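Beneath this line is the structure, given in structure tokens, with notes to follow.
The values are calculated or read from the model by the stated rules, or taken from the named source; none is laboratory data. Quick caveat: nothing in here was measured; it's all calculated off a predicted structure. All Cβ positions, even for glycine, are placed from backbone atoms using ideal geometry, and neighbour counts span all protein chains on display. With ligands, DNA and RNA removed, areas are computed over all heavy atoms of the protein, side chains included. Shrake-Rupley method; radii C 1.70, N 1.55, O 1.52, S 1.80 Å.
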Amino acid sequence: TRAPGDLGPNGALIVPGGLGVRRAAANARLIQAIGLLDERSTWVCATSTGSVLLAAAGVVGSASVATHWLAGDLVADHGIAVSKESFVEHGRVLTAAGSASTAQLAFRLVGALAGVSVEASARNAYRPRPVKDRRFARPAPWWRTFGRRSKIEMAHPDLPWLDFDVDAEVVILDFPDD
């Protein structure tokens, strides 16, 4: 197991949202890890309420972010403005407000990491379908887009976390629901 400061560079840090964001934002170790991973990531992304964690870690600077409509006050508590746009790109920080804009974020990230032709192919192949039964929910857009050929690592704060190779292309932080 490596500490966040021992990791080498990675292509992207993705912080998804979830119901546990309030507790996660109060987790000093997690917020510090996000800050350290930010320094080692070419791209930093958040979906839904994950932007609260980027704001808490000071990752977004003074830029506005997209977030879930219920999390606007949580982002504002950290002195960050919430954009009315569903997808915001500010330099190397990408934020998406919800599931539809998460696909847009994923495609933009694919374009940044693999090139515009791969992004165009991914967009053309993407066929969203409404999920009627959560037991058959499809994986998040970055799993569909990157597929099994790319190295994607998950880290969970309640487990021996950040125990992965230093050359991960994408790091996705996960946290439990409140």
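Quick one: is R123 touching a helix residue (DSSP H, G or I) at 6+ places or on another chain (Cβ under 6 Å), closer than 21 Å to A12 by Cα, open to solvent by 70 Å² or more (accessible area, probe 1.4 Å) and not hydroxyl-bearing (S, T, Y)?
Considered against the rule, which asks whether it is touching a helix residue (DSSP H, G or I) at 6+ places or on another chain (Cβ under 6 Å), closer than 21 Å to A12 by Cα, open to solvent by 70 Å² or more (accessible area, probe 1.4 Å) and not hydroxyl-bearing (S, T, Y), R123 comes out as yes.
Of the conditions (1) touching a strand residue (DSSP E or B) at 6+ places or on another chain (Cβ under 9 Å); (2) open to solvent by less than 10 Å² (accessible area, probe 1.4 Å), V110 clears all except one; give me its number.
It is condition (1) that V110 fails.
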